[in-house]
Amino acid sequence: TVVEPIYCSGDAHMGDRVQEWSDKQFPQKGYANANSAMSWAKTNVNATLSNLVISGFSAGALGTMGWSYHLLGMFPHERASVLVDSYAGIFPDGTEGPTLKDWGACSLPIFSESNQGLCSENQLSTKVALEAAMAAYPKVGFGYIQSKVD
């Protein structure tokens, strides 16, 4: 079974708020969209997966980094891999933490409790979120594919 949430909210599958710019409202509900797909999968796939692969490319790579901790715990599995595809993860200093907070991501269950705290303090990065997944799931294979052009 392949589950692929479609992405168009500008929040790397981690947003949960409505932004206001120039007196207009722009919903960023990437979390709700991705979560509905994951809930469907949880209901409709085997209790324990023989193989679980979590992967995303470009902006989806950010979602992969943010969601891995949660998804590895959500889906019991015999083997699992996380593959981050075609995202360099380079933010200007001091911007990634505030961006995650601005998206409304800090209280979402995709992050560990300690990372929720870091997020609230504008200190969380997707790299730190992925490192939490690596530490919590040491038997899972993690890898990156990087392209010259995204």
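The values are calculated or read from the model by the stated rules, or taken from the named source; none is laboratory data. Nothing here was measured: the structure is a model prediction, and the numbers come from that model. Cβ sites come from the backbone with ideal geometry, for glycine too, and all protein chains shown count toward neighbours.
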Practice problem: State whether one or more residues within segment 46-56 are of a type in the set (A, V, I, L, M, F, W, C) and in contact with a His (Cβ under 8 Å, 6 or more places away or on another chain). | Solution: yes
Quiz item: With respect to the numbered conditions (1) closer than 19 Å to Ala32 by Cβ; (2) in contact with a strand residue (DSSP E or B) (Cβ under 6 Å, 6 or more places away or on another chain); (3) not small (Gly, Ala, Ser), which one is the sole condition not fulfilled by Val82?
Solution: (1)
Self-check item: Given (1) out of contact with any helix residue (DSSP H, G or I) (no Cβ under 6 Å at 6 or more places or on another chain); (2) β-branched (Val, Ile, Thr); (3) within 19 Å of Gly10 (Cα to Cα), number of the condition Val84 does not satisfy
Solution: (1)
Quiz item: Can you tell me how many residues in segment 111-150 are of a type in the set (A, V, I, L, M) and in contact with a Leu (Cβ under 8 Å, 6 or more places away or on another chain)?
Solution: 7
Exercise. Might you let me know whether segment 53-69 holds any residue that is surrounded by 20 or more Cβ atoms within 10 Å (Cβ to Cβ) and among the aromatic types (Phe, Trp, Tyr)?
Key: yes
Practice problem: Show the residue pairs that are 6+ apart or on different chains and have beta-carbon atoms under 9 Å apart, the first residue being within segment 128-142 and under 17 Å from Gly117 (Cα atoms), the second being surrounded by fewer than 13 Cβ atoms within 10 Å (Cβ to Cβ). | Solution: Ala132/Ser114
Quiz item: Consider Leu100 against the criteria (1) surrounded by fewer than 19 Cβ atoms within 10 Å (Cβ to Cβ); (2) touching a residue at least 24 places away in the same chain (Cβ under 8 Å); (3) part of a helix (DSSP H, G or I); (4) aliphatic (A, V, I, L, M): it satisfies all of them except one. Which criterion is unmet?
Solution: (1)
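Counting only residues that are closer than 19 Å to Ser55 by Cα and surrounded by fewer than 19 Cβ atoms within 10 Å (Cβ to Cβ), which one in segment 110-130 is modelled with the highest pLDDT? Before you say what the answer is, go through the steps one by one.
Pass one, segment 110-130, residues closer than 19 Å to Ser55 by Cα: 110-111, 125-130.
Imposing the further condition that a residue be surrounded by fewer than 19 Cβ atoms within 10 Å (Cβ to Cβ) reduces the set to 127-128.
Details: Lys127: 94, Val128: 97.
So, considering only residues that are closer than 19 Å to Ser55 by Cα and surrounded by fewer than 19 Cβ atoms within 10 Å (Cβ to Cβ), the one modelled with the highest pLDDT is Val128.
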Exercise. Among the numbered conditions (1) surrounded by fewer than 17 Cβ atoms within 10 Å (Cβ to Cβ); (2) in contact with a Leu (Cβ under 7 Å, 6 or more places away or on another chain); (3) of a type in the set (Gly, Ala, Ser), tell me where Ala32 comes up short.
Key: (2)
